[in-house]
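Enquirer: Structure provided below as structure tokens; questions to follow.
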Amino acid sequence: MSYKRMKFKIKPRLRILATILVGAQLSLATPVFIDQFNTDQAVGTLTAAGTSSHSQQNVGAAEVLGAFRILDARFITGANGRKLDFQTEGAPLNDLTLNSANGVTGSGLATYCGSLTCGTAAFNGTIGTVTPTSFGLGGVDLTSGGTNTQIQIIGNSDQIVTIRATFYISSTVYARGSFTIPGDIATHVYQLKFDNSGNTPFTYAGGANSSLFTQVNAVTFMIQGSDSSDTFISYFGADNAPEPATFGMLGAGLGGLLWFARKRAQAKS
């Protein structure tokens, strides 16, 4: 295991904390999980600029929307021999990761479209090559009949990276949410409201509006990494969880309990 990976051994604790917080939130929701990242899946490690790698897997409807997950990665810049990895890590980590070596930039793309043959063609690491080649989810209602109000994404990174989540009716009718994760390692919660009332609005194309989320036929999730970045996505789904302030209070409460437990342990030692 490289030093870059070893320094993130602390992250399982943060992911466990995030899982606890999400569980507390979702107790009041009817979530539609787009991907729970329970099954290991990886593209081949890339070691040269201009190369790509692809993986497709039937992981079941209980884990991902539409039962199939397609992963694509692109090594964009960097010296030959340096590495770029894109994968889902199963239990106990349960996340989607993009990891690039020093001097390497690249992108990872996850596609959910109901089969193994509807992934994007010739993904070159840019948003212009993300559109699925077919749309087989069958008009999924991510709102659960109006109960869910947002897409929620939880993640962290040690470098600034860009995230783009796109929800399609067809190749020309879609909604896209884009944001950056700061490179501070801390876990961040992003809530993309269907009605665009939040701080991370959707961009609609082809005449789409918020009703699009009641008839989704494909979903793509793209991470555009920066030089030497380790990015982890631990939650991707539709729900009606509380606002970030509530999430923050839950986190502060659990953080206080952890701090108190550590102090007690130190006092006994």
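Laboratory data are not the source of any read-out in this text; all were calculated from the coordinates shown. Note that the coordinates shown come from a computational prediction; the quantities given were computed from them, not determined experimentally.
Enquirer: Only Cα pairs under 8 Å and at least 6 apart count here; give the relative contact order of the range 3-243 as a rounded whole percent.
Expert: So the answer I get is 24 percent.
Enquirer: Now for a different question. Could you run the Karplus curve 6.51 cos²θ - 1.76 cosθ + 1.60 with θ = phi - 60° over the range 158-173 and give me ³J(HN,Hα) per residue in whole Hz, x for Gly and Pro?
Expert: 9, 9, 5, 10, 10, 10, 9, 10, 10, 10, 10, 8, 8, 5, 10, 10
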